[in-house]
1. Between residues in the stretch 194-220 that are in contact (Cβ under 8 Å) with a residue 40 or more places away in the chain and residues that are of a type outside the set (A, V, I, L, M) and exposed (fewer than 13 other Cβ atoms within 10 Å of the Cβ), which pairs lie under 6 Å by C-beta distance while being six or more apart or on different chains?
2. Hey, can you tell me all the residues within the stretch 136-173 that are in a loop (DSSP other than H, G, I, E, B), within 19 Å of the chain's Cα centre (by Cα) and not charged (D, E, K, R)?
3. Taking Ala213 as the residue in question, decide whether it is closer than 30 Å to Lys283 by Cα, small (Gly, Ala, Ser) and assigned to a helix (DSSP H, G or I).
4. With the requirement that a residue be in contact with a Phe, Trp or Tyr (Cβ under 9 Å, 6 or more places away or on another chain) and either in a loop (DSSP other than H, G, I, E, B) or not basic (Lys, Arg) (or both), what does the stretch 266-280 give you?
5. From Lys143, Lys75, Lys124, Lys54, which residue is touching a residue at least 24 places away in the same chain (Cβ under 8 Å) and more than 30 Å from Leu17 (Cα to Cα)?
6. Taking the condition crowded, with 21+ Cβ neighbours inside 10 Å, more than 23 Å from Asp256 (Cβ to Cβ), in contact with a Cys (Cβ under 6 Å, 6 or more places away or on another chain) and not charged (D, E, K, R), does Pro119 pass?
7. Filter the stretch 369-382 for residues that are surrounded by fewer than 24 Cβ atoms within 10 Å (Cβ to Cβ) and either over 19 Å from Leu22 (Cβ atoms) or in contact (Cβ under 8 Å) with a residue 12 or more places away in the chain (or both) and give the result.
Amino acid sequence: MQEKATIGKGVDKITLLLYYTLVMVGFIAIFSVEYRSGDSFTQSLLELKKNYSKQVLFIGVSSLVGVFILLIDSKFFTTIANLLYAGGILLMLLTFVIGKDISGSKSWIALGGGFNLQPAELCKVFTALALAKYLSRQETEFKTFRSHLIAFAITLGPAILSIAQKETGLALVYFSFFLVMYREGLPAWYLIVGFSIVVLFVTAILLSFPVYAIMIGVIAFIAIFYLWRLIRRNFVLLFFILLLGGSCVGFKYFVDNIVFDKVLKPYQSERVLSMFGKTYEPKSADRIALFEKEKATGKKKDYTYNVKQSKIAIGSGGFAGKGFLKGVTTQGDFVPEQHTDFIFTAIAESFGFWGSALLLGLYFFLIFRIIALAERQRSVFSRVYAYSVASILFFHVFINICMTIGLMPVIGITLPLLSYGGSSLVTFTILIFIMIRLDADRQMILR
């Protein structure tokens, strides 16, 4: 007879300690953003009027959720994985009907009392469970193209819905599951093709059309020169090289005239191009008319303002930082959304380079610890799920930090366990605690 789950048996204490350390660092950072001299700390906590006081409530709720998860039988997660995934997709679809618009994104469901639920956040957990369920099935042979398509559909379905909800940042996170699939046997050429498209996209941004076209032509000529013996035996290869080169040249036109002028919003185009020292110049008639109108009325916005202020805050911290509650930029409310997407700036200004390095060290220690836990699992389900947690954490940390220092466009993605918000904190709590629960039963074979 199987023993009933107990809250302490088999729980990885190191992961638990790292989790609560990061949560407390997050509370300190949010507190430093909002607290002003003269504020009553006790009164603010009781009235729940400040974000840091609400975060205390979120921490309490998350802890209760974590305890509840640790008391659940591990088999429950395999049994209900597909049902949770279907429920998550339905919730995301429901936001199109009853969703609340926040910062231009209709991806929230109002719960009352000023609290909101973001289904796209929770769906990361459900997707991780569904992918683990699929890859752990005995009948799944993850070597066939069909199995790859099914896995892609599981992970990219919520990503497509996130894009439709104007949550591009959350959509990008779903691509982290490709790292998990690679660990489980996904051929490397999928990742090579994906990386090549990214390189081609960046090159298309940096180079003018004539230079870009010449570069593609030179590469095609070199390929033909070195493969000439093969081409003489099979002229289909020559046709393929020329077709690929022509497609790459056409990709430049697609990026300039479709992606930046029709797919992305003007502010998104400006943020992406500003990363590479470029300015957005509209080409379509409606975009040109919009820009001319903004210039004439003097209402042209600086869409790179957030990043500029973020860099100032981070740079002003120096090596040792300005000290807790002594950051001029933080205390002066110069950085927009500093308690959410730009919470890292509060740490960097207050505690400087060494504090930022310590924070990143905590994150990477947590990620590597999760990978170590993943590799000691007997069950494919538990291993796939643990790798999903590590990949999601890595993507969130990498994208958010790069966003705050100007290496990536501002796409609205939280810093795990630090950024203010119930949806984000509860989601990462569920992600991590399910993994801790599965690891506690690592000798079981789950499917």
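The values are calculated or read from the model by the stated rules, or taken from the named source; none is laboratory data. These numbers were taken from a predicted model, which means no experiment stands behind them. Every residue, glycine among them, receives a Cβ derived from its backbone with ideal geometry; neighbour counts consider all protein chains shown.
1. That search, which allows pairs on different chains as well, returns Ile205/Phe276; Leu206/Phe276.
2. Filtering the stretch 136-173 down to residues in a loop (DSSP other than H, G, I, E, B) leaves 137-144, 165-167.
Checking the rest, the ones that are also within 19 Å of the chain's Cα centre (by Cα) come to 165-167.
Passing the criteria: only Gln165.
3. Numbers: closer than 30 Å to Lys283 by Cα: yes; small (Gly, Ala, Ser): yes; assigned to a helix (DSSP H, G or I): yes.
The answer is yes for Ala213.
4. Of the stretch 266-280, the ones in contact with a Phe, Trp or Tyr (Cβ under 9 Å, 6 or more places away or on another chain) are 266-274, 280.
Result: Pro266, Tyr267, Gln268, Ser269, Glu270, Val272, Leu273, Ser274, Tyr280.
5. Values: Lys75 fails: more than 30 Å from Leu17 (Cα to Cα); Lys124 fails: more than 30 Å from Leu17 (Cα to Cα); Lys54 fails: more than 30 Å from Leu17 (Cα to Cα).
Going through Lys143, Lys75, Lys124, Lys54 in turn, just one is touching a residue at least 24 places away in the same chain (Cβ under 8 Å) and more than 30 Å from Leu17 (Cα to Cα): Lys143.
6. Values: crowded, with 21+ Cβ neighbours inside 10 Å: yes; more than 23 Å from Asp256 (Cβ to Cβ): yes; in contact with a Cys (Cβ under 6 Å, 6 or more places away or on another chain): no; not charged (D, E, K, R): yes.
So Pro119 fails the test.
7. Of all residues in the stretch 369-382, those surrounded by fewer than 24 Cβ atoms within 10 Å (Cβ to Cβ) come to 369, 371-380.
Those that are surrounded by fewer than 24 Cβ atoms within 10 Å (Cβ to Cβ) and either over 19 Å from Leu22 (Cβ atoms) or in contact (Cβ under 8 Å) with a residue 12 or more places away in the chain (or both): Arg369, Ile371, Leu373, Ala374, Glu375, Arg376, Gln377, Arg378, Ser379, Val380.
Rundown of residues vs (1) closer than 20 Å to Leu417 by Cβ; (2) hydroxyl-bearing (Ser, Thr, Tyr); (3) surrounded by 24 or more Cβ atoms within 10 Å (Cβ to Cβ), yes/no style:
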position: Ala313; (1), (2), (3): no, no, yes
position: Thr345; (1), (2), (3): yes, yes, yes
position: Ala357; (1), (2), (3): yes, no, no
position: Leu360; (1), (2), (3): yes, no, no
